[in-house]
1. Select from segment 186-207 the residues that are farther than 17 Å from residue 152 by Cα and in a loop (DSSP other than H, G, I, E, B) and write down the one among them that is modelled with the highest pLDDT.
2. Quick check on my filter: what residues within segment 127-146 are surrounded by fewer than 21 Cβ atoms within 10 Å (Cβ to Cβ) and within 17 Å of the chain's Cα centre (by Cα)?
3. Among the residues of segment 67-115, which ones are in a helix (DSSP H, G or I) and touching a strand residue (DSSP E or B) at 6+ places or on another chain (Cβ under 7 Å)?
4. Please state which of the following conditions residue 114 fails to meet, knowing it meets all the rest: (1) more than 16 Å from the ligand (Cβ to nearest atom); (2) in the same structural domain as residue 170 (by TED's automatic domain parsing); (3) surrounded by 16 or more Cβ atoms within 10 Å (Cβ to Cβ); (4) not aromatic (Phe, Trp, Tyr).
5. Say we look at segment 16-54 and pick out the residues that are surrounded by 12 or more Cβ atoms within 10 Å (Cβ to Cβ) and not in a helix (DSSP H, G or I); which of these is nearest to the ligand (Cβ to nearest atom)?
Amino acid sequence: MAVYPEQIERLCDMFRRLDGIGRKTAMRLTLSVLDLPEEDVQAFSQALIAAKTEIGFCKCCQNISASELCPVCAAPGRDKSTICVVEDFRAAMALEKMNEYNGLYHVLHGVISPMKGIGPEKLKIRELISRLDGSVTEVILATNPTPEGETTAMYLSRLIAPLGVRVSRIANGMPVGGDLEYADEITLRRAIEGRYSMNQTNGATAE
Ligand code: ZN
């Protein structure tokens, strides 16, 4: 026999679908919804739907955006000659919070992972290449320092270096297997500042 009414169990199941939420936390969140005034619950449900339906992807950098162009791509003061390539929007947000990088981003929406059946065609690589129209002089590969992140960086450097664009990889200041999203600002800054060229390793003649 279920302890809680079906409506409670149903909401609890929905919370459990969220990343990092187990049964106990889901039930705690569910029960705290009952404590909210009804107008707050209405606003909560509307905010959920708006976050999902009104957020799309920037047509240029593929980051999440509420408008056709994200605020970074739309900003006139950004350095449009540099693109920093990241795995997901969380990493772009982490770098943006650092408040030092003034170039643009490109969000891949994943990394190459043969284990998970993710090939290059499933990532936003075509969109990245189409941005390299001569105005971009450097591409910084800031995928995470995991085996998949390294594989993806190597793949991209082989693809991009022959186009005459400088390709660099973020420095090893990042812990191996680490995640950009959780790196502190000093580590992130060191990773960007200490980036090294990947052009030589590919025998390409950028610079
Ligand atoms: Zn954008």
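1. Looking at residues that are farther than 17 Å from residue 152 by Cα and in a loop (DSSP other than H, G, I, E, B), I get 194.
2. 127, 146 - these are the residues of segment 127-146 that are surrounded by fewer than 21 Cβ atoms within 10 Å (Cβ to Cβ) and within 17 Å of the chain's Cα centre (by Cα).
3. Residues satisfying the conditions are 72, 73, 89, 92, 95.
4. Answer for residue 114: the failing condition is (3).
5. It comes out as 21.
The values are calculated or read from the model by the stated rules, or taken from the named source; none is laboratory data. Here the structure is a predicted model, which is why all the values come from computation and not from measurement. All Cβ positions, even for glycine, are placed from backbone atoms using ideal geometry, and neighbour counts span all protein chains on display.
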